[in-house]
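Student: Following this message is one structure expressed as structure tokens.
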Amino acid sequence: MLLAVPILAIGAGTASAACSTGGAQDVDTAAVAAQVKAILDGGDKGSVSVPGLDDPAEQVPNAKTIQATGVAMNIPARGQVVALATALQESGLRNLTYGDRDSLGLFQQRPSMGWGTANEILDPVHASTKFYQGLKNVSGWQSLSVTQAAQAVQRSGFPEAYAKWEPLATALQKAIEPLLPKAGGTSPDPSPSGSAGSPSPAIAGGCSAEGDGTDFGTIPPGALPAEYKIPADAPREVQTAIRWALGQLGTPYQWGGTCTNSHGKDAMGRCDCSSLMQQAYKAAGVTLTRTTYTQVKEGKAVSADTLRPGDLLFTEGTASVPEHVGMAIGQGLIVHAPRTGDVVRITTLASWKPRILAARRVV
């Protein structure tokens, strides 16, 4: 069968540790689900053993990032399985800092072949986004086998190597799916950790920017009011950014943290106020600078009386040099990462409005 060559015809090297080929292996889906739950609930792998998941503390969160990026980009489950199988083959679901020639990261993408800079490729969200973009550029990928679709993007020297990972990739996708917010729908829990207490945001009809949030009463740290719905009339990028930010609810604040792995063990992967904004919009394909001092210059200025979902709100410091930022998410609510000792949480516009120094619309 002649494969369609993607517009993004970029070669990716294959990590030497993942070069072997072979037939697909039987997978215990219940064991995979138990492994995923153990890791994402903050435990260790315990007595659960899954072939191919020999380092689940690293592999499972990476799998979840890949899948969450696919959900944010409206990639169907089949495409998520393709991405997971590809990363299993290329890196063993590890964010490798080495590979064949200049290959790096989860998908062993090469800076020299246009996948991005080395630092970008080592960002799991960027790497996953670029893979899905390549997949979407493969004509008729939905009708290809997992191996054919993966190879059309990767152009690997081992074109049949992906097939053996399809059962594990499928089991991972099914185990992780209930833990993710669904594009345009609901989920048992929007938090990547799968922790309880954070109801899923559904998509709302009509404008949700009205009100000041006081009707919700006291909102516990890390929780999301059950009545909240992501505004359906907000731009797609805003809906994605809101959904991604809500996925970090309940994770500990870390000053200077990158917000690239807020549920991981590395404290510097957690969020501070501006990195939460940056990474939320990055998931939506919108680039923001890193600090409150520069984000206050992004987009265009808007009045605090005419806010829309997705607007950035700045407090503390001064209007030109603010020290804190949050995102309006509609219905008079704001998501933000407050301070050391606190967690990413929801607050009300009523509690912020007297202190808002500036507001910016970036989409």
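The values are calculated or read from the model by the stated rules, or taken from the named source; none is laboratory data. What you see is a predicted model, and the numbers here were worked out from it, not measured in a lab. Reconstructed Cβ throughout: ideal geometry from the backbone, glycine too, with neighbour counts over all protein chains shown. Ligands, DNA and RNA are stripped out before the accessible areas are found, and what is left, the full protein with its side chains, is counted by its heavy atoms. Shrake-Rupley method; radii C 1.70, N 1.55, O 1.52, S 1.80 Å.
Student: Sort out which residues of region 354-363 are more than 29 Å from the chain's Cα centre (by Cα) and farther than 8 Å from Phe314 by Cβ, and write them in order of number.
Tutor: We begin by selecting, within region 354-363, every residue more than 29 Å from the chain's Cα centre (by Cα); these are 354-355, 357.
Residues satisfying the conditions are Pro354, Arg355.
Student: Within region 15-22, is even one residue surrounded by 20 or more Cβ atoms within 10 Å (Cβ to Cβ), at pLDDT below 50, among the small types (Gly, Ala, Ser) and over 16 Å from Lys265 (Cα atoms)?
Tutor: So far as region 15-22 goes, yes, one or more of its residues are surrounded by 20 or more Cβ atoms within 10 Å (Cβ to Cβ), at pLDDT below 50, among the small types (Gly, Ala, Ser) and over 16 Å from Lys265 (Cα atoms).
Student: Filtering region 325-348 down to residues that are among the β-branched types (Val, Ile, Thr) and assigned to a loop (DSSP other than H, G, I, E, B), which residue is least open to solvent (accessible area, probe 1.4 Å)? First the steps, then the outcome.
Tutor: At the first step, the residues of region 325-348 found to be among the β-branched types (Val, Ile, Thr) are 325, 329, 334-335, 340, 343-344, 346-348.
Next cut, assigned to a loop (DSSP other than H, G, I, E, B) only: 340, 344.
Working: Thr340: 110, Val344: 0 Å².
Among those that are among the β-branched types (Val, Ile, Thr) and assigned to a loop (DSSP other than H, G, I, E, B), it is Val344.
Student: How many residues does region 97-143 hold that are assigned to a loop (DSSP other than H, G, I, E, B) and open to solvent by 10 Å² or more (accessible area, probe 1.4 Å)?
Tutor: Initially, region 97-143 is screened for residues assigned to a loop (DSSP other than H, G, I, E, B), giving 97-103, 105-108, 110, 114-117, 122-123, 137-140.
If we keep only those that are open to solvent by 10 Å² or more (accessible area, probe 1.4 Å) too, we end up with 97-102, 110, 114, 116-117, 122-123, 137, 139-140.
Of the residues in that region, 15 qualify.
Student: Given the conditions (1) over 29 Å from Asn95 (Cα atoms); (2) in a helix (DSSP H, G or I); (3) open to solvent by less than 30 Å² (accessible area, probe 1.4 Å), and given that Ser351 satisfies all but one, which numbered condition is not satisfied?
Tutor: That leaves (3) as the condition not met.
Student: Going through region 144-163 one residue at a time, which ones are assigned to a loop (DSSP other than H, G, I, E, B), open to solvent by 20 Å² or more (accessible area, probe 1.4 Å) and out of contact with any helix residue (DSSP H, G or I) (no Cβ under 7 Å at 6 or more places or on another chain)? So that I can check it myself, show each step before the final result.
Tutor: First, the residues of region 144-163 that are assigned to a loop (DSSP other than H, G, I, E, B): 144-145, 155-162.
When the remaining residues are screened for being open to solvent by 20 Å² or more (accessible area, probe 1.4 Å), the result is 145, 155, 157-160.
Matches in region 144-163: Ser145, Arg155, Gly157, Phe158.
Student: Which of (1) touching a residue at least 24 places away in the same chain (Cβ under 8 Å); (2) more than 22 Å from Ala163 (Cα to Cα) does Gly116 not meet, given it meets every other one?
Tutor: Condition (1) is where Gly116 drops out.
Student: Let me ask another. Just the residues that are in a loop (DSSP other than H, G, I, E, B), modelled with pLDDT of 85 or more and out of contact with any helix residue (DSSP H, G or I) (no Cβ under 8 Å at 6 or more places or on another chain), please, taken from region 38-68. Let's see the steps before the verdict.
Tutor: Applying the first criterion (in a loop (DSSP other than H, G, I, E, B)) to region 38-68 yields 41-55.
Subsequent filtering for residues that are modelled with pLDDT of 85 or more retains 53-55.
Matches in region 38-68: Asp54, Asp55.
Student: Being open to solvent by less than 30 Å² (accessible area, probe 1.4 Å), not charged (D, E, K, R) and not in a strand (DSSP E or B), is that true of even one residue in region 308-324? Steps first, please.
Tutor: Residues of region 308-324 that are open to solvent by less than 30 Å² (accessible area, probe 1.4 Å), as a first pass: 309-315, 322, 324.
If we keep only those that are not charged (D, E, K, R) as well, we get 309-310, 312-315, 322, 324.
Filter again for not in a strand (DSSP E or B), leaving 309-310.
Scanning region 308-324 turns up at least one residue that is open to solvent by less than 30 Å² (accessible area, probe 1.4 Å), not charged (D, E, K, R) and not in a strand (DSSP E or B).
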